[in-house]
Amino acid sequence: MIQNDSSPSGYRIGEADRDCRWAVFTSEGEQIGRIFRWHGAWFALPAGATDATRQGDGGDGSESAARYLFAEYQAGRITPQPETPSQPQARDDAVPLLHPRMRDNDRTRSAARTAVAGLDAYRWAPLAGYPGSDNPWPVRCQLCGWEGNRYWSHLRGRNGNPPSPYRHPGCIDASKVRAVIPAYTRSPQH
């Protein structure tokens, strides 16, 4: 998603952590904050801060958020922090139903239960709470063990039809996916 490995602007965007937040570094390697996408908007979280600010939307939002952090750093309002790697969740820890940023109400719990059931039907395992349909969700492929981020809106299929059998690079062939997942043999719902 983000391809800014070496920027002439004085910062670079690192790899995403488990919560789909990208560290932003100065060209000297100092971490000045993290950026993340939430419901289409991009947010910047300065190093040492607890509150994120909205910085952009769409395709340029990640760069807008990173530029904001770098400008704040240059102005002396951000003190670089040591890089803090995300803590992986233990395999036997219970995964919460909802992502911490989701409102806990009947509507979101119902959507989360539907999404988790859908993941199960197509042999994905959630590694974190449901973040909403258009936010990255850490999942594990139960066919090969791959772990990464997917969007529920891409995994659920459309108009009662199943999702694409293409799962991720390196997974089993689409015909084998259809053969091992019973949900692909059910007739579409109309």
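The values are calculated or read from the model by the stated rules, or taken from the named source; none is laboratory data. Bear in mind the structure is a predicted one, so any value in this text is a computation, not a measurement. As a convention, Cβ positions derive from the backbone with ideal geometry for all residues, glycine included, and neighbour counts pool all protein chains shown. Note: areas computed on protein heavy atoms with side chains; ligands, DNA, RNA excluded. Shrake-Rupley method; radii C 1.70, N 1.55, O 1.52, S 1.80 Å.
Numbers for the structure displayed
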| read-out | value |
| --- | --- |
| Scope region 18-48; condition open to solvent by 40 Å² or more (accessible area, probe 1.4 Å) and either of a type outside the set (Phe, Trp, Tyr) or touching a His at 6+ places or on another chain (Cβ under 7 Å) (or both); matching residues | 18, 19, 21, 27, 28, 29, 30, 37, 39, 48 |
| Filter result for residue 152 (among the hydrophobic types (A, V, I, L, M, F, W, C), closer than 29 Å to residue 102 by Cα and touching a Ser or Thr at 6+ places or on another chain (Cβ under 9 Å)) | yes |
| Test: residue in region 107-114 that is at pLDDT 90 or above and aliphatic (A, V, I, L, M) | yes |
| Strands (runs of 3 or more DSSP E) completely within region 1-79 that count 3 or more residues being at pLDDT 90 or above | 11-16, 21-26, 31-38, 41-46 |
| Lone unmet requirement of (1) at pLDDT 95 or above; (2) within 28 Å of residue 34 (Cα to Cα); (3) loosely packed, with under 13 Cβ neighbours inside 10 Å for residue 103 | (1) |
| Strands (runs of 3 or more DSSP E) wholly inside region 106-190 that include at least 3 residues being crowded, with 17+ Cβ neighbours inside 10 Å and touching a Leu at 6+ places or on another chain (Cβ under 8 Å) | 136-141 |
